[in-house]
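The block underneath contains the structure these notes are about, expressed in structure tokens.
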Amino acid sequence: MSPHLLEVRNLSVEFHTLHGQVKAVQGVSFHLDPGETLVILGESGSGKSVSASAVMNLIDMPPGEITSGEVLYRGKSLLEMPSEERRAINGARIAMIFQDPLAHLNPVYSVGWQIIEMMTTHGMPSDQAKRRAIELLGRVGIPDPEVRMKAYPHQFSGGQRQRLMIAMALALKPDILIADEPTTALDVTVQAQILALLKELQLETGMGLLLITHDLGVVAEVADNVVVMNAGEIVETGPAAEVYANPQHPYTKRLIAAAPGSGEMAEPLAASGQPLLRLENVTKNFGTIEALKDVSLTVMPGEIVAIVGESGSGKSTLAKTLLRLEEPTSGAAFYNGRDLFQMSPKELFGIRREIQMVFQDPTQSLNPRMSVYELISEAWAIHPEILPKVKWRDRVAELLELVGLSADHARRYPHQFSGGQRQRIAIARVLALEPKLVVCDEAVSALDVSIQAQVIDLLEGLRNEFGLSYIFIAHDLPVVRDFADRVVVMQQGRIVEEGTVREIFETPRDDYTRALLAASLDPDPAVQAKRRAARLEMEAARP
Amino acid sequence: MRHFIGKRAFASGLSLIGLVVLVFFLSRLTGDPTALFLPLDASLDSRERFRELHGLNDPLLVQFAHYVWDILNLDFGDSIRKARPALEVVLAAFQWTLILALTTIFFVTTSAIIIGSLAAFYAGGIFDRVATFLSLIGASAPDFWIAIVAIVLFSVNLGWLPTSGTGTIWHWIMPVAVLFIRPFGLVLQVVRGSMMTALSSAYVKTARAKGVRVRPIIFVHALRNALLPVITVIGDLSAGMLNGAVVVETIFGFPGVGKLMIDSILQRDFTVVLAAIMVSAMAIFLMNLLIDIAYSVLDPRIRY
Amino acid sequence: MTDTAQIPDNAMHKSPNALAQTVRMLWHDKIALVAVVFLIIVMFCAIFGPSLLDDAATKQNLRGRNSPPFDLAKGWLFVLGGDALGRPLLARIIVASTNTIMVATGAVLFSMVIGSTLGLIAGYTKTRASQIILRLADVIMSFPSLLLAVIVLYMLSPSVTNIIIVLAITRIPIYLRTTRAEVLEIRERMFVQAARVMGASDVRIIFRHILPMVFPTLLTIATLDFAFVMLAESALSFLGIGIQPPEITWGLMVSQGRPYLTNAWWLSFWPGLAIILTTLSLNLVSNWMRVALDPVQRWRLEIKGKKQ
């Protein structure tokens, strides 16, 4: 039997840190054959990226150290190779693309130069490399390749940048492409296109594709085989469909159970009484750019209204305008019948505490120099009428326990917590103000799937307990499906469709909503296969 | 770009006007101008003649108008000490300063960039630690002290180098070397820090994944990204040197603008001081422009 | 990062043991420790030196003229030798530290307070005032500090106060620009927006959220700047347009020793060494502070200590 294209045997990687040795990867083995797509699935800290970095010789040693194992490329050990021979393999035989293409492309060189460099580094004459680069740009779908060769990375969109990375990686027709979370930062429709492009190119060249992701949907979309990693170890491996249908390891089971998009959809609330918030024709211009155009919507007390859209849809601008972090160009926002946009700063201050916001990234929304106690009690320092100072300490403890932390966490600082815990602190801070309406701006999208589910549960519990209303801004449709009562779909500053969850997810009327739904990935490979077929049909039907 | 240069020229023009006003009022309001312009032992009579000649008896605003008009015509008056137009005296000295500054900046830039880059690449290693410590000492050293210690050592005790003048290449070694030390220490630290950031960046990881060799990774991929803050610091230091390295020029008897300025001040040759200020300010304006252009050449994201 | 138990609870910001903690962090970075100890000694000399040694430093002793260093026969004050009038160099260096340190401290404090206040205004408000402030900074910046000092001191008299004011003015733009740049960046951070959403006033945002973030940077710069101002003052004194005799500073001592370079090198050498050691210490402490004042980075120093 001929050797596998790539085989990793019993790989262990440790990092020397100031806390002592940290075992990032322990005894990991997997293999990849030509034409195969192997997906490594894991949450943050699972060691999935470290494994890939070990294959690419990208681990800094020290502090990293490969303590055991072998990495074989066509039967040859990559770890024992002389460094010059090893270098010649990178890019030429094994190439890699990364999560954040803007950061991973050199900002000060033109994209043409960077793609050409890939080829000239491995000995191709530069005129030949230039012709090939233009051809590649065309192949990955960059319009006007000859002109765009001279452009710089910041002059492309996010999706295009990932296409550039792919063009560069495939320049020398490598046998293996390693893709580390290649679509994580992208909009769903762009994600679908990039994954489709990767599959297409794989068919063309017959390369093996090693894809790393945290997203069960991506597994369902592209994987032949899947390796599930947790805490540096492989917990389960097998054909993707089989692992999903019949998970063996408790971790895999939990991961699949936590995947959003499979729960019950909420029944519409019985409409009664006055709306809590009513937006009327809100418009916001930044110079000549119209970020919001005539946006109108209502939120009932206790209702969860999701606002869904891709980047540039204006959903975050809407949140900021509503909270008067940005001044609207025109329109009105009636909160309990009074227009927020017309209020004087003093009136607004009185109402501030009732409308609060949970931000996307708790690492940035919590002041790193304030302890948890200071962070939460600041609410009462600003609004002293809520609570007298003597009760602050007890109330902070109470709130921390309410959001699933413990009272003695109050003395710590934000950097001493994990991402999920930090978001809980941010929620506790919001609750300190006893708000009626909470705007969640992508509040769970930076979190791991299992943590995401916990935070969503927390938010839902708080709604039931305190009758909170939410405006839930998200790009992730499955989360919205499980959580929201009503959904508003936005595109380029406009609302294109609005309805109950069931209406939007089962009988979407607008083309854009349909495209969004078609592009979103279901964790079930069987469902995903059907969707893929439907999408291809839709594309074929289009002129 | 032309628009940008215009804007910059306008801003610098404002700065220059500010300076002109400052110098005028300081010279008129802090005492009797004749005390400023004339030797201490000038007679009352000659003071009065001086007043009459230079319109010092006119109202202040009229004096100011004359003063501005003369400056606009690049007429700073004659140097009292040398009986030549002040501007001519200053320009003669300025060329020496220019050569000294450019030579020093050239050595500082090349050596600090190469050593700093390598120190960042071998961060924590012995090369890095030695380079960092030496640069710290360099950045901490008072140049006048280094200069006189160097004179004692190399001129007096060893007799290798001349103590002052500009005659031969040997005359240049000590001024350049002394002037080199502090900027070298400062720039090296900036290069090292900036390169550390660049080398741990995502695009360097990409370059390694592409199989790019070590040397182009350091000096092509990382360095160009790391240069912006370095250029800022070099610009500030160069601006200082273009005004004449007062201390070094004085100690080594180097006929540059710095020494000229100090001598003129001590000998109350105020027209020369004023001309020197204007010439230096112009030079700094041009230098800042060069630096802005260097920014946009290095980083395509910067467009004016 | 996920392990929340890794750092003990004594990381409290204002707890009484904050000082103890700083000392512990310092203890584990030996080079910074030596620098801090040296600076403390210099400070001690600057504060108590004149009252203890003023007599010894001014008493002329013609038999001890230019007496060489390391000769203990004349008493420990002559360990660094004697000057041209037979006064002990060690005593003079200690007494001179007062002026040197006073000028540097005054100029740094003055420029830091004014510069950072202006920078805060320029960064936080978007009014015309901020434009004017920036232009003013440009004017000062386009003028090398030493030259400005020379001209102003030529027109005014070179007293300690004037020197402090002149040096402070030349350093204001440094603080102004740094503060403004930091404020511009911090005011857009999400935690500032979060505070605004909670209803926090501008005063609260500035003093509770922005200043604490800027302060460590300012302190780090101030330490570096202290070294810079010391060098500038020494240079001015050396050129003869700074502090005038009979007052003494280290720079002036170097200058006064210059005529005797060939036969008594120690007259200029020791005060110069005092300058270089002090500025080097300041540079080292500034580097250390950059890490120690950042709670996200601070653990590096704490944990490293525990392992040793």
- prompt: Taking neighbour counts of Cβ atoms within 10 Å as a proxy for exposure, in what order, fewest first, do C:LEU219, C:LEU120, C:LEU267 appear?
  reply: C:LEU219, C:LEU120, C:LEU267
message: What does the net charge come to around A:GLU303 if you take all other residues with beta carbon closer than 10 Å to its beta carbon, with K and R at +1 and D and E at -1?
response: +1
task: Please arrange B:PHE270, A:PHE30 by counting, for each residue, the other beta carbons lying within 10 Å of its beta carbon, fewest first.
output: A:PHE30, B:PHE270
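If each residue's Cβ is checked for other Cβ atoms within 10 Å, how do A:MET265, A:MET118 rank with the fewest at the top?
Details: A:MET265 16, A:MET118 28.
The order, fewest Cβ neighbours first, is A:MET265, A:MET118.
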query: What angle do you read, to the nearest 10 degrees and between 0 and 90, between the alpha-carbon axis of helix B:270-298 and the longest principal axis of chain B?
result: 20 degrees
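Counting Lys +1, Arg +1, Asp -1, Glu -1, what net charge surrounds A:LEU366 among other residues with beta carbon under 14 Å of its beta carbon?
Value of the local net charge: +4.
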task: Would you mind computing, in nm to one decimal, how far apart the modelled labels at B:PHE4 and A:ARG393 are, each placed 7 Å from Cα along Cα→Cβ?
output: 5.8 nm
task: Give the Rg (one decimal place) followed by the Dmax (whole number) of chain B, computed from C-alpha coordinates and expressed in Å.
output: 23.8, 84
statement: In nm, the gap between the two label points placed 7 Å beyond Cα toward Cβ at A:GLU84 and A:ALA245 is 5.3 nm
- prompt: For A:GLN274 and A:TRP113, FRET efficiency with R0 = 56 Å and r from the beta-carbon atoms, rounded to 0.05?
  reply: 0.35
statement: Here the net charge surrounding A:PRO107, from other residues whose Cβ is less than 9 Å away from its Cβ (Lys, Arg +1; Asp, Glu -1), is 0
- prompt: Along its principal axes, what span do the Cα atoms of the range B:202-304 show, with the longest given first and each in whole Å?
  reply: 66, 33, 15
Cα gyration tensor shape for the range A:134-283, rounded if a/c is under 1.5, else prolate or oblate: oblate
message: What FRET efficiency comes out for A:ALA231 versus B:SER200 if R0 is 35 angstrom and r is the Cβ-Cβ distance? Round to the nearest 0.05.
response: 0.85
message: At most 15 other C-beta atoms within 10 Å and a DSSP loop state: those are the exposed GluC sites (Glu not before Pro) I care about. Give me the longest piece of chain A that has none.
response: A:81-263
- prompt: In the range A:427-462, which residues have a backbone nitrogen under 20 Å from the label point lying 7 Å from A:LEU102's Cα in the Cα-to-Cβ direction?
  reply: A:441-447
field: Computed E for B:PHE25/B:LEU102 - FRET, C-beta separation, R0 35 angstrom, nearest 0.05
entry: 0.50
- prompt: Over what distance in Å are the Cα centres of the range B:230-259 and the range A:51-119 separated?
  reply: 47 Å
statement: The computed P(r) of the protein assembly as shown puts the percent of Cα pairs beyond 62 Å at 21 percent
message: As a quick test, which of the pairs A:LYS48/B:LYS205; B:LYS82/B:LYS259; A:LYS293/C:LYS126; A:LYS284/A:LYS436; A:LYS293/A:LYS436 have an alpha carbon distance above 19 angstrom in this structure?
response: A:LYS293/C:LYS126; A:LYS284/A:LYS436; A:LYS293/A:LYS436
- line: Tilt, helix A:126-139 to longest principal axis of chain A (alpha-carbon atoms), in degrees rounded to tens, equals 50 degrees
task: Return one number: the angle in degrees, 0 to 90 and rounded to the nearest 10, between the long axis of the Cα atoms of helix B:126-140 and the longest principal axis of the Cα atoms of chain B.
output: 10 degrees
- prompt: Can you work out D for chain A in µm² s⁻¹ from Stokes-Einstein, where Rh is the Kirkwood radius over C-alpha pairs, the temperature is 4 °C and the viscosity is 1.567 mPa s?
  reply: 51 µm²/s
- line: Two pseudo-spin positions, 7 Å from Cα along C-beta at A:ASP339 and at A:ILE351, lie apart in nanometres by 1.1 nm
- prompt: Each residue of the range A:307-321 in turn: what ³J(HN,Hα) in whole Hz from Karplus with 6.51, -1.76, 1.60 and θ = phi - 60°, glycine and Pro shown as x?
  reply: 10, 10, x, 8, 4, x, 7, x, 5, 6, 4, 4, 4, 5, 5
- request: Before rounding to the nearest 500, sum -39500 (n - 2.57) across all DSSP H runs of length at least 4 in the protein assembly as shown and divide by the residue total; then give [θ] at 222 nm in deg cm²/dmol.
  value: -18000 deg cm²/dmol
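A short reminder: the numbers here are calculations on the coordinates, not readings from a lab. These numbers come from a predicted model, not from an experiment. Methodologically, a virtual Cβ is constructed for each residue, glycine included, from the backbone with ideal geometry; neighbour enumeration extends over all protein chains shown.
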